[in-house]
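Chemist: Dumping the structure here so I can ask a few things about it.
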Amino acid sequence: MKMPLEISSRKVELSQEIRDLIQEKSEKLDHLYDDIVRCRVIIDMPHRSQRSGTFYEVRLDLTVPGGEVIVRQEPGEDLYVAIFNSFEVAQRRLKDYAGKRRGEVKLHTEKPIAQVAKIFHDEGYGFLVTPDGREIYFHENALLNGKFKDLEMGRAVQFVEREGDEGPQASSITLL
């Protein structure tokens, strides 16, 4: 492992097994993102009561070029779970951080446009027709803006296509 690892604890004694787990998880992070300058793991037992039991809080401070990635989870009763969850969150945040440093941007796909082809107001459903001639079923609950009873044939809409039980189905329909 290239990065320095610092493990500290407050109000809790860490077994060698816990220290080994933290070492293993830190090495995995270092393997996935090799620009980590330092990893500091702090385990705390913020409170303990007879009614609620013992809770552990895990905090990760990862120093990376140009900043820090800090993970602080809600206290949990199981120290192993708290460690696993904290390192999972750190892995996701490092992935996002690395993507931002490379200039990657999440692309949101454009919703397709269609027209209302058939509408059955009393039954609460209808069909859209896409520019390529496909008919796509939709339920009245898929309409995000506007009222289903006011929907007319020929109205332009945007939608998200999903695979339904009986073929393609439109959801998240927005009136244009």
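FYI, it's all coordinate maths here, none of it is from the lab. Owing to the predicted nature of the structure, the values given are computational and were not obtained by experimental measurement. With ideal geometry, Cβ positions are generated from the backbone for all residues, glycine too; neighbour counts draw on all protein chains shown.
Chemist: Could you grab the relative contact order for region 5-101? Cα pairs under 8 Å, six or more apart, rounded to a whole percent.
Modeler: 24 percent
Chemist: When Lys and Arg each count +1 and Asp and Glu each count -1, what net charge do the other residues less than 15 Å away from residue 147, Cβ to Cβ, add up to?
Modeler: Charge balance near residue 147 sits at -2.
Chemist: For residue 61 and residue 144, what does the FRET efficiency come to when R0 = 45 Å and r is the distance between their Cβ atoms, rounded to the nearest 0.05?
Modeler: 0.60
Chemist: Note down the nm distance, to one decimal, between modelled labels 7 Å out along Cα→Cβ at residue 35 and at residue 81.
Modeler: 3.5 nm
Chemist: Another one. Among 158-164, 89-95, 130-136, how do they line up by average Cβ neighbours within 10 Å per residue, starting with the highest?
Modeler: 89-95, 158-164, 130-136
Chemist: Quick one: net charge around residue 60, please, counting Lys, Arg +1 and Asp, Glu -1 for every other residue with C-beta under 13 Å from its C-beta.
Modeler: Here the charged neighbours net out to +1.
Chemist: If I fit a long axis through the Cα atoms of helix 16-32 and take the longest principal axis of the Cα atoms of the chain, what angle between them do I get, 0 to 90°, rounded to 10?
Modeler: So the inclination is approximately 50 degrees.
Chemist: Still on this structure: Under the definition of Cα pairs under 8 Å and six or more residues apart, what whole-number percent is the relative contact order of the chain?
Modeler: 13 percent
Chemist: Let me ask another. Find how much the distance from residue 113 to residue 74 grows on full extension, using 0.36 nm per residue of separation minus their present alpha carbon separation; answer in nm with one decimal.
Modeler: 9.8 nm
Chemist: Working from Cα positions, state the angle (0 to 90°, nearest 10) between the long axis of helix 79-101 and the longest principal axis of the chain.
Modeler: So the helix axis and the longest Cα principal axis differ by about 60 degrees.
Chemist: Mind putting a number on the dipole of region 113-175 about its Cα centre? Charges go on the C-beta only, +1 for Lys and Arg and -1 for Asp and Glu, and I need it in Debye to the nearest 20.
Modeler: That gives region 113-175 a dipole magnitude of about 260 debye.
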